[in-house]
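S.K.: Below is the structure I would like to discuss, written out as structure tokens.
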2 protein chains.
Amino acid sequence: MSHQSGTFPAPCGQKACQVLKDRNICIQVLVMIQHLQRRVDEHLKQLPTTRQRLHLPKQKQAQSTHEQEALLDHLIRQMVNFLKSRATGGLEQQVSLLSLECRGNVRSAQRAQSSRQPGQLVLQWSDIEPAFVSHDLSNRGSEICVLYHSSFQDYNAYQGDKYQEDKNTLGFINLGTSENKLCIDLITERLGQSDMNCIEDVLLQYPDWRGQPFLREEVARFLTYYCKAPAQLDPENVVVLNGCCSVFSALAMVLCDPGEAFLVPTPFYGGFAFSSHLYAKVELLPVHLESEITEANTHPFQLTVDKLEHTLLQARFMDKKVRGLVLTNPQNPLGDVYSRESLKEYLEFAKRNDLHVIIDEIYMLSVFDESITFHSVLSMERLPDPNRTHVIWGTSKDFGISGFRFGALYTHSKEVASAVGSFGYLHSISGITQHKLCQLLRDREWIDTIYLPTNHFRLQKAHAYITNTLQSLRIPFLCRGSGLYIWINLKKYLNPCTFEEERLLHRRFLDNKLMLSCGKAYMCKEPGWFRLVFADRPLRLKLAILRFCEVLEEQKQDWKEKQLADAMKE
Amino acid sequence: MSHQSGTFPAPCGQKACQVLKDRNICIQVLVMIQHLQRRVDEHLKQLPTTRQRLHLPKQKQAQSTHEQEALLDHLIRQMVNFLKSRATGGLEQQVSLLSLECRGNVRSAQRAQSSRQPGQLVLQWSDIEPAFVSHDLSNRGSEICVLYHSSFQDYNAYQGDKYQEDKNTLGFINLGTSENKLCIDLITERLGQSDMNCIEDVLLQYPDWRGQPFLREEVARFLTYYCKAPAQLDPENVVVLNGCCSVFSALAMVLCDPGEAFLVPTPFYGGFAFSSHLYAKVELLPVHLESEITEANTHPFQLTVDKLEHTLLQARFMDKKVRGLVLTNPQNPLGDVYSRESLKEYLEFAKRNDLHVIIDEIYMLSVFDESITFHSVLSMERLPDPNRTHVIWGTSKDFGISGFRFGALYTHSKEVASAVGSFGYLHSISGITQHKLCQLLRDREWIDTIYLPTNHFRLQKAHAYITNTLQSLRIPFLCRGSGLYIWINLKKYLNPCTFEEERLLHRRFLDNKLMLSCGKAYMCKEPGWFRLVFADRPLRLKLAILRFCEVLEEQKQDWKEKQLADAMKE
């Protein structure tokens, strides 16, 4: 297999370990990266020639940019292989990781070659360098450190310096992490009731690793009811682990071999990338969606079977083994809710191509616009390929209790349920938490008459507040009626419109103690998009918007000053 | 690298996947195993010749059996490689897994060649066959299923059919899993107090992935006090994950590259094998200890630096990269508590050889014999290599709350703490559980004046009850004053004394609804040893002993009948 993920787990020899410990490694790797950069430049120039050499038919040469990118990816992989063949064993891991990191930049570079900064890759390297030079860690350990650091840097800064009304008014406000903080009062009150505090022997001892039977039974009943399943779901097909990312990681482990891939409509939830990489070494192949409305794209970022077919074809062309399709419904970060017809089409596409479908329905009860109907795949009378359709759900979003670390799998395949169940040994949740979750999920009356109506009402209000503000600022956004976030377009604040400028704007928000998520974290192919979480209390939301406006104002001000300075130079 | 673990993560081609799905696979693999068997036989015969060819000095040829075994291991690996080179890609994983499974049998075969049954390996294969033929899982997924199934089969049977005084008197009594069920009354009462039920916002939201700061602070204070640390331990060096096996798995991930190894004095806790294999693909190299008392072995199963040096040398001879030494203190399953001098020697050995030391002190407060003093490595004034000494502790054993899924790491290395902290994303515990743990650990008065004295008193009583019974049955055992278990020798009930007979006796206990752990699960090199957990309530313990005696009586009866039948044949 040609791609680099497959090389991560290869054992490295003693020599490589020695090399890693050598302080000179930085210089060596830098040299290699410069070489890689030069090769990227060369290939960018040679692209048309290369494609002719690959015997692509004439009409393909005029195709959309994302095909070009895929080809470029392929070429980069070739280069990584070339580097690997020259480098001592251990280095290949760092180089391939870095090349993953760089792909977004290469893409933007391709679209805006004039704006590409030669030092960019080196800059990224220098950002993460300290984690590399390790005396105590293995190569893999160093790699994980880098990956974690680059994925969770901002989140960790927030954890250490949270905004608090009474204690820390200068701390971070987090509209970047998707959490529902609107109904903590209701949840706290419910969790405080006496039925929650049972402490039985069975809760204190080693559990059934698939999840306690009483909780799996309750989850089966709950999903039967809220997903409108045509028949009672089977508790034996439920697996409970500590969070939906653990479920996703376990699915990647048991459905794929290392280096195999899933298709993922993109932009997509960034947590999947870390979860599929840390252990499973499964590649997520983006099915790029576009904001522009065209004949094939009746709404922004529309997912069509054509696009799925197209990416699958490309993947096969590149000799990549695709094992599944990952869907999120309602979608994150777009907020789209798939119609029953679309859903059926996607599932049939998967069935035709022997693909598993992992469908994450973690926002299923967070559809707050009453005119929209959510359709769970579990509601379908006849699933195209039931044994290969796997549903993930948890309480983090719909009940605003991400701290409970609860994720559930429902699959019709007993084999997959049993295989994922094995992971409970390292991913189980405490018995007392399982008890509380069971009590919560079984209280149908409270959920239907108190919790859900209140939650939806508050989501509507917060959504309206943010969308009104965005309208007044003339910031385009996707107006959907589901999820906890809005996908907004800040393109007009970027000049030039590149991922580097997106990164700088993102940094500016952080400097003003406001966390937002930028499009690149979702592998979005168009720079300028951000995800803004609105499910926060009015006071905090208001203050966040204040900080948000301040940054945009500063950004505009800087422009003007720059323009003035440029004009004066001329 | 020559050994098979390193090959697990290698991506397998399309062809291998097809082969796996082919129903004919069973036949093909069986043929290979028969071939492997033949080769084992051949090599057993050729062993002296082979060793001469390897130019071992004369005196080495007369060395103890475990050296022979190591050599045999090496030869088996060579055979696996030979099989791999012939087999289509995907099969190598199954073959190597199977060969791991078979090693114990090969060893016993070496000692008791006359008793070796040719169908033995095939029998094991047929036990696990159903999990192999999968249509929904990847090769890796199938492999994990097999590994899990073979490790947790009995445990899962117990989960589905537990003995209950009022409801299920014919269910399994579990003296196999190390749990302390003696103080559930005290723990339940303490957990029921009002300070436990706090529900703050911070507990309901996404956490600091290293563990909530308040809990890490409490763990640092707790360990400072109970480990008698010379200076206050630093909460920044604490990481909290969902169970000690998660901590061990994470350490294996960040200290080793795939295929590298840890030394482990053996017999050792079997959970480590699953935890180091599932994700990290780290090999555990047994440092075999022997029951016989000799000049070098002043007490049974004594760990000496000589034995460590010897195994390390062997490993290097076989080109194996050893990254660390794993110790458990108090030892599981032996119950040994290391003296300060021994501990220092082991740490200095590690330092001399550039090895990390992972020391699992999970039974540190379960030393119930007052004449024994436990020494934590954290109590040492001057650790030989502080940045490479990593301590694991949790509440599962000492507080009898394994259902809480809590494990903590303390390491002096900020790098290692940070790297292991990354794993919190997929291995964290719920906020409300973290709060309860914090309240429990901070209640020093309750722990010191109520919990620990009562727990130790009850452990003493249960231990005395079991040891008296064993003495009356004339069953040899190690009489230690720590842990929740006794290491007993049932050799005299095996005829012949092989691992196969051990397995059959173990099965007989299970058939009589009694779970014990057999020595093979701890990689013990001598057949006939079992671990018996005594930390259970008197009534259940009494009933368990009844079942235990029944089985041994049956076993004796069967012998007599067999002897009679043999005599009549003659």
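S.K.: Which of the residues spanning segment B:239-293 are part of a helix (DSSP H, G or I), open to solvent by less than 10 Å² (accessible area, probe 1.4 Å) and more than 30 Å from B:ILE432 (Cα to Cα)?
M.R.: Within segment B:239-293, B:LEU255 is the sole residue that qualifies.
S.K.: Please go through segment B:132-165 and give me each residue that is at pLDDT below 90, open to solvent by less than 40 Å² (accessible area, probe 1.4 Å) and at the interface with chain A (Cβ under 8 Å from one of its Cβ atoms), ordered by number.
M.R.: Hit for segment B:132-165 is B:SER134, nothing else.
S.K.: Please verify whether A:GLU554 is within 21 Å of A:GLN153 (Cβ to Cβ) and either without any contact (Cβ under 8 Å) to a residue 24 or more places away in the chain or open to solvent by 20 Å² or more (accessible area, probe 1.4 Å) (or both), treating the condition exactly as stated.
M.R.: no
S.K.: Kindly establish whether B:PHE172 is open to solvent by 10 Å² or more (accessible area, probe 1.4 Å), of a type in the set (Phe, Trp, Tyr) and modelled with pLDDT under 95.
M.R.: no
S.K.: Then there is this: Those residues that are within 30 Å of B:CYS244 (Cβ to Cβ) and under 31 Å from the mean Cα position of the chain (by Cα), I need them from segment A:185-212; list them, please.
M.R.: Correct list: A:LEU191, A:PRO207, A:ASP208, A:TRP209, A:ARG210, A:GLY211, A:GLN212.
S.K.: If A:ASN297 satisfies every condition in (1) more than 12 Å from chain B (Cβ to nearest Cβ); (2) in a loop (DSSP other than H, G, I, E, B); (3) buried (at least 18 other Cβ atoms within 10 Å of the Cβ) but one, which is the exception?
M.R.: (3)
S.K.: Tally up the residues in segment A:414-426 that are more than 7 Å from every other protein chain (Cβ to nearest Cβ) and in contact with a strand residue (DSSP E or B) (Cβ under 7 Å, 6 or more places away or on another chain), please.
M.R.: Selection size over segment A:414-426: 5.
S.K.: Restricting attention to segment A:427-456, report how many residues are part of a helix (DSSP H, G or I) and either within 14 Å of chain B (Cβ to nearest Cβ) or open to solvent by less than 10 Å² (accessible area, probe 1.4 Å) (or both).
M.R.: 15
S.K.: If you check A:LYS520 against the conditions, is it of a type outside the set (S, T, N, Q), more than 14 Å from every other protein chain (Cβ to nearest Cβ), touching an Asp or Glu at 6+ places or on another chain (Cβ under 8 Å) and open to solvent by less than 40 Å² (accessible area, probe 1.4 Å)?
M.R.: no
S.K.: Among B:ASP398, B:ASP448, B:ASP443, which is the only one that is within 26 Å of the chain's Cα centre (by Cα) and either assigned by TED's automatic domain parsing to the domain that holds B:CYS244 or not hydrophobic (A, V, I, L, M, F, W, C) (or both)?
M.R.: On inspection, the qualifying residue turns out to be B:ASP398.
S.K.: Taking only segment B:459-507 into account, find how many residues are closer than 23 Å to B:GLU561 by Cα and among the polar types (S, T, N, Q).
M.R.: 2
S.K.: Any residue at all in segment A:350-358 that is of a type outside the set (Gly, Ala, Ser) and at positive phi?
M.R.: Yes, some residue in segment A:350-358 is of a type outside the set (Gly, Ala, Ser) and at positive phi.
S.K.: Any idea which residue in segment B:468-527 is farthest from B:LEU327 (Cα to Cα), counting only those that are touching a Phe, Trp or Tyr at 6+ places or on another chain (Cβ under 9 Å) and of a type in the set (Gly, Ala, Ser)?
M.R.: Across segment B:468-527, the extreme among qualifying residues is B:SER517.
S.K.: Then there's this: Since A:LEU303 meets every condition but one in (1) more than 17 Å from A:VAL391 (Cα to Cα); (2) within 21 Å of the chain's Cα centre (by Cα); (3) open to solvent by 30 Å² or more (accessible area, probe 1.4 Å), which condition does it not meet?
M.R.: Only one criterion is unmet by A:LEU303, namely (3).
S.K.: Sort through B:LEU203, B:LEU186 and tell me the only one that's out of contact with any strand residue (DSSP E or B) (no Cβ under 8 Å at 6 or more places or on another chain) and either facing chain A (nearest Cβ under 8 Å) or acidic (Asp, Glu) (or both).
M.R.: The match here is B:LEU203.
S.K.: Still on this structure, please answer the following. So, B:CYS198, is that one in contact (Cβ under 8 Å) with a residue 12 or more places away in the chain, of a type outside the set (D, E, K, R) and surrounded by fewer than 18 Cβ atoms within 10 Å (Cβ to Cβ) or not?
M.R.: So B:CYS198 passes the test.
S.K.: Please name all residue pairs, on different chains or six or more residues apart, with Cβ atoms under 6 Å, provided the first residue is in segment B:369-393 and is within 14 Å of another protein chain (Cβ to nearest Cβ) and the second residue is at pLDDT below 95.
M.R.: Final answer for the pair search is B:ASN387/A:ASP136.
S.K.: With the requirement that a residue be surrounded by fewer than 17 Cβ atoms within 10 Å (Cβ to Cβ) and not in a loop (DSSP other than H, G, I, E, B), what does segment A:470-502 give you?
M.R.: A:GLN471, A:SER472, A:LYS492
S.K.: Also, I was wondering about something else. Among the residues of segment B:164-171, are any touching a strand residue (DSSP E or B) at 6+ places or on another chain (Cβ under 9 Å), without any contact (Cβ under 8 Å) to a residue 12 or more places away in the chain and not hydrophobic (A, V, I, L, M, F, W, C)?
M.R.: yes
The values are calculated or read from the model by the stated rules, or taken from the named source; none is laboratory data. None of the values given here were measured: they were computed from a predicted structure. Cβ atoms come from the backbone with ideal geometry, glycine included; neighbour counts cover every protein chain shown. Surface areas here come from the heavy atoms of the whole protein model, side chains and all, with no ligands, DNA or RNA. Shrake-Rupley method; radii C 1.70, N 1.55, O 1.52, S 1.80 Å.
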